[in-house]
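Sharing a structure below in structure tokens format, with a few things to ask.
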Amino acid sequence: MTATMTYVGLDVHARSTHAAAIDVASGELRRARFGGGSEEVVAWLQTLPAPLRGCYEAGPTGFALHRAADKAGLLLDVVAPSKTPRAPGDRIKSDRKDAELLARLLLARQLKPVAVPTPALEAARHLARAREQVRGDLMRCRHRVSKLLLLHARVYQASAWTKTHRRWLEQQRFDQAATELAYLDALAAVDGLVARKAALDERLSRLAREGEWWPTVARLRCFRGIDTLSAFVLCLEIGDWTRFSRPAKLAGWLGLVPSLDQSGESRRQGAITKTGSGYARRLLVEAAWHYLPRPSVGPALAERRAGQPDHVLQIALRAQRRLHRLYQRLRERGKPGNVTTVAVARELACFLWAAAVAE
């Protein structure tokens, strides 16, 4: 099959696409350049000798080209740009050279394809990430309000952003009209973002319960620190849990494993790699804090566990016990709090994998 294959590399941008095709049988290298869009590229691919296999790097242009090629019956992979081998001494970079490099690396089987989500999964991801963006905007707007008050020596002494705190904020007045206007504008921005976040939370909760993801979401909710939204976002960010043959591979994909620098007799582990989804990684680290207290099943957790398979409940129970012991052991060894929490998050991801793929 390889002796008659045509390998194609595409360097895709918003307004242009450079292509390079290698015909293995003849050794011919063909080049082409197209404008934006997928139609011209797919039409050119159909003129090349079959069988054909192509690729382009994942990026801001998304998966539209992949889906257009798939609809036309063409095999076009989306590959991970972070794992594309590049010569350190190559100082000249161009779209034309990048396309040829992808074609040659595809021929040598040196590229790593990424998992392409279904349109429904990608749409749900958009909604979940919109909620995450609103959460970040809300945090920044709240900081602006509190820092403006701090400039005028006004500090609330109890828990912030409660109903009582909100009433206290409404009572604040300033001598200068411009300051008053700036304060009211910042406060209105906070109120608007709170309303938007609540609306997105409600829509995501409904989508989680109505969609195809609910059986897995219901299993993940059996774990301490994981409720509907967190479980749903993890399912969306990870996609198909079964594509990871071992839990350690999931932890590596999430970037929760330490980096490694080894040469000869020297071996040094550094900070975690932070590859994969930062959104999923943040949720796991936040959930890991719930395993510091002693293992227990409160009323809310018991309600979430109702009706779930016994073997899933046993996995969640083992997770509580093991992760609590891990917290205590690392703290006794004097490990920093952040290091301990990330280590717990890494093992929590492995337990979640076990629950998600359990028969």
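How about the range 257-305: which of its residues are open to solvent by 60 Å² or more (accessible area, probe 1.4 Å) and part of a strand (DSSP E or B)?
Selection gives Leu260, Asp261, Gln262, Ser263, Ser266, Arg267, Arg268, Gln269, Ala271.
Next question. Could you name every one of the helices (runs of 4 or more DSSP H) located completely within the range 143-244 that has at least 3 residues being at pLDDT 95 or above and buried (at least 16 other Cβ atoms within 10 Å of the Cβ)?
Per the criteria, 177-210, 214-220, 228-238.
Turning to a different aspect of this structure: Among all residue pairs at least 6 apart or on different chains, which show Cβ distances below 6 Å where the first residue, located in the range 196-209, is on the phi < 0 side of the Ramachandran plot and the second is assigned to a helix (DSSP H, G or I) and not hydrophobic (A, V, I, L, M, F, W, C)?
As it stands, the answer is Leu200/Arg131; Ser205/Thr228; Ala208/Thr228, since those pairs meet every condition given.
Of all residues in the range 280-289, how many are in contact (Cβ under 8 Å) with a residue 60 or more places away in the chain and touching a Leu at 6+ places or on another chain (Cβ under 9 Å)?
Matching residues across the range 280-289 total 5.
Moving on. If Arg104 satisfies every condition in (1) open to solvent by 80 Å² or more (accessible area, probe 1.4 Å); (2) touching a Lys or Arg at 6+ places or on another chain (Cβ under 8 Å); (3) not polar (S, T, N, Q) but one, which is the exception?
(2)
For the range 35-58, how many residues meet the condition of being open to solvent by less than 20 Å² (accessible area, probe 1.4 Å) and acidic (Asp, Glu)?
Residues in the range 35-58 being open to solvent by less than 20 Å² (accessible area, probe 1.4 Å) and acidic (Asp, Glu): 0 in total.
Taking the conditions exactly as written (part of a helix (DSSP H, G or I), among the basic types (Lys, Arg), crowded, with 16+ Cβ neighbours inside 10 Å and in contact (Cβ under 8 Å) with a residue 24 or more places away in the chain), does Arg346 satisfy them or not?
Answer is yes for this residue.
How many residues are open to solvent by 50 Å² or more (accessible area, probe 1.4 Å) and in contact with a Lys or Arg (Cβ under 7 Å, 6 or more places away or on another chain) if we restrict to the range 59-88?
So the count comes out to 2.
Now for a separate question. Just wondering, is there one or more residues in the range 159-181 that are over 20 Å from Arg131 (Cα atoms), in contact (Cβ under 8 Å) with a residue 60 or more places away in the chain, among the polar types (S, T, N, Q) and out of contact with any Lys or Arg (no Cβ under 7 Å at 6 or more places or on another chain)?
Scanning the range 159-181, I find no residue that is over 20 Å from Arg131 (Cα atoms), in contact (Cβ under 8 Å) with a residue 60 or more places away in the chain, among the polar types (S, T, N, Q) and out of contact with any Lys or Arg (no Cβ under 7 Å at 6 or more places or on another chain), so the answer is no.
The conditions are (1) among the hydrophobic types (A, V, I, L, M, F, W, C); (2) under 21 Å from Leu236 (Cα atoms); (3) surrounded by fewer than 17 Cβ atoms within 10 Å (Cβ to Cβ), and Ala128 fails exactly one of them. Which is it?
Unmet for Ala128, out of (1) among the hydrophobic types (A, V, I, L, M, F, W, C); (2) under 21 Å from Leu236 (Cα atoms); (3) surrounded by fewer than 17 Cβ atoms within 10 Å (Cβ to Cβ): (3).
Right, another one. Let me confirm something: among Ala32, Ala21, which residue is touching a Lys or Arg at 6+ places or on another chain (Cβ under 6 Å) and either free of Cβ contacts under 8 Å to residues at least 24 places away in the same chain or not in a loop (DSSP other than H, G, I, E, B) (or both)?
Being touching a Lys or Arg at 6+ places or on another chain (Cβ under 6 Å) and either free of Cβ contacts under 8 Å to residues at least 24 places away in the same chain or not in a loop (DSSP other than H, G, I, E, B) (or both) holds for just one of Ala32, Ala21, which is Ala21.
For Leu111, indicate whether it is in contact with a helix residue (DSSP H, G or I) (Cβ under 6 Å, 6 or more places away or on another chain), assigned to a strand (DSSP E or B) and under 29 Å from Thr273 (Cα atoms).
Spelling it out, it is not the case that Leu111 is in contact with a helix residue (DSSP H, G or I) (Cβ under 6 Å, 6 or more places away or on another chain), assigned to a strand (DSSP E or B) and under 29 Å from Thr273 (Cα atoms).
Give me the residue from the range 308-325 that is without any contact (Cβ under 8 Å) to a residue 24 or more places away in the chain and of a type outside the set (Asp, Glu) and, out of that set, nearest to Ser245 (Cα to Cα).
Gln314
The values are calculated or read from the model by the stated rules, or taken from the named source; none is laboratory data. Computed from a predicted structure; not experimentally measured. For neighbour counting, all protein chains shown are included, and Cβ atoms are generated from backbone atoms with ideal geometry for every residue, glycine included. Ligands, DNA and RNA are excluded from the accessible area calculation, which covers all protein heavy atoms including side chains. Shrake-Rupley method; radii C 1.70, N 1.55, O 1.52, S 1.80 Å.
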